Amino acid sequence: MPVLTLEDLHEEEGSLALSLPWEERRRRTREIASWIGRRLGLGTPEAVRAQAYRLSIPKLMGRRAVSKPADALRVGFYRAQETALALLRLDGAQGWPEFLRRALLRAFGASGASLRLHTLHAHPSQGLAFREALRKAKEEGVQAVLVLTPPMAWEDRNRLKALLLREGLPSQILNVPLREEERHRWENALLGLLAKAGLQVVALSGAYPAELAVGFDAGGRESFRFGGAACAVGGDGGHLLWTLPEAQAGERIPQEVVWDLLEETLWAFRRKAGRLPSRVLLLRDGRVPQDEFALALEALAREGIAYDLVSVRKSGGGGSTPCRGAWRTGFTSPWRTRPFFSLPSTGTSGARPDP
């Protein structure tokens, strides 16, 4: 079942723009599909049409209704508790930037919860002294670390994150220079930091589409990076688990690692709820290499756990991986009937298992 994505073509042709007007995209898609069909002796491919449907827009709740998660930093979090955060500065400066400190104190004040802010006075290059500083921070109740640093090589970045995790301290890395007017940058970083510290910043009002949501991420292709990470959230929107596997190369997460990450989150859910979830939402940041989730989906099927697999695409480029059943975009895959090539205009797709 050959499938091409815009990223694949971009790598081959170099000059292909990933953000094309719809009519241009449709024309070029047909040309490429026809060329492939002739080369493989498949004849002239036909477009598959299906009725799409629009998902309802979820209503977000912080301490009260919000239009976006960052608004919870002003109106208060959906669920908050006493929290301790630490700052690690690798840019030569000292102390919390005043606008970050002010934003955090305001958010916790609006949430009716207390906040303690710490500063790590050690550097990763100090080896054992740095490990000792992390240990003391953990003993003092620190739950997550914000790292302010100049841009780092991916290898150094992930080595630091792994070092912090070994001491039980998830981290959020934010590059400097950082200006107060760059609100979108630092608010997004603070939201990530708070989620890793175990706070429930926002919740969806109404029924949640799955009892467990697990987000997967992986590094790039040109350097040695940590090949996968998973963050699990329960049906109530509460943080359940964040985990990082051993280092590996590339942006593809091996099938075994995907399942190991998912299995760990399933057991965390079982310890909390006393049972396995009935439905799992799997969110993969970026392109989903073919068969990356094969082992995990087979295991879910054996356990009788329904699932949705969604590729979260932020770059604007389209792409797909074949599957059986209906896609969230309304596209129905003819997996069982004939080969197909898909270069959809949408950036997000997901699949349910067959009933």
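Highest mean packing comes first when the peptides 175-186, 262-273 are listed by Cβ atoms within 10 Å, giving 262-273, 175-186.
On a per residue basis, the stretch 84-139 carries 52 Å² of accessible surface, using protein heavy atoms and a 1.4 Å probe.
If R0 is taken as 35 Å, the Cβ-Cβ distance between residue 301 and residue 99 corresponds to a FRET efficiency of 0.10.
Roughly speaking, what is the centre-to-centre gap between the stretch 255-280 and the stretch 157-202 when only Cα atoms are used, to the nearest Å? Cα centroid to Cα centroid, the span is 25 Å.
Out of the stretch 106-144, which GluC sites (Glu not before Pro) are coil in DSSP terms and have no more than 15 other C-beta atoms within 10 Å?
Counting only loop positions with at most 15 other Cβ atoms within 10 Å, the GluC sites (Glu not before Pro) in the stretch 106-144 are 140.
The accessible surface of the stretch 79-119, taken with every protein chain in place and a 1.4 Å probe, is 47 percent carbon and sulfur.
Its relative contact order, with pairs defined as Cα atoms under 8 Å and 6+ residues apart, puts the stretch 56-135 at 29 percent. Taking 1.002 mPa s as the viscosity and 20 °C as the temperature, the Stokes-Einstein diffusion coefficient of the stretch 142-187 based on its alpha-carbon Kirkwood radius rounds to 186 µm²/s. For the stretch 92-136, the equivalent ellipsoid built from the Cα gyration tensor has semi-axes of 28, 13, 5 Å, listed from largest to smallest.
The values are calculated or read from the model by the stated rules, or taken from the named source; none is laboratory data. Bear in mind that the values here come from a model prediction, so they are computed numbers and not experimental data. No Cβ is skipped: glycine too gets one built from the backbone with ideal geometry, and neighbour counts run over all protein chains shown. Keep in mind that these areas ignore ligands, DNA and RNA; they rest on the heavy atoms of the full protein, side chains included. Shrake-Rupley method; radii C 1.70, N 1.55, O 1.52, S 1.80 Å.
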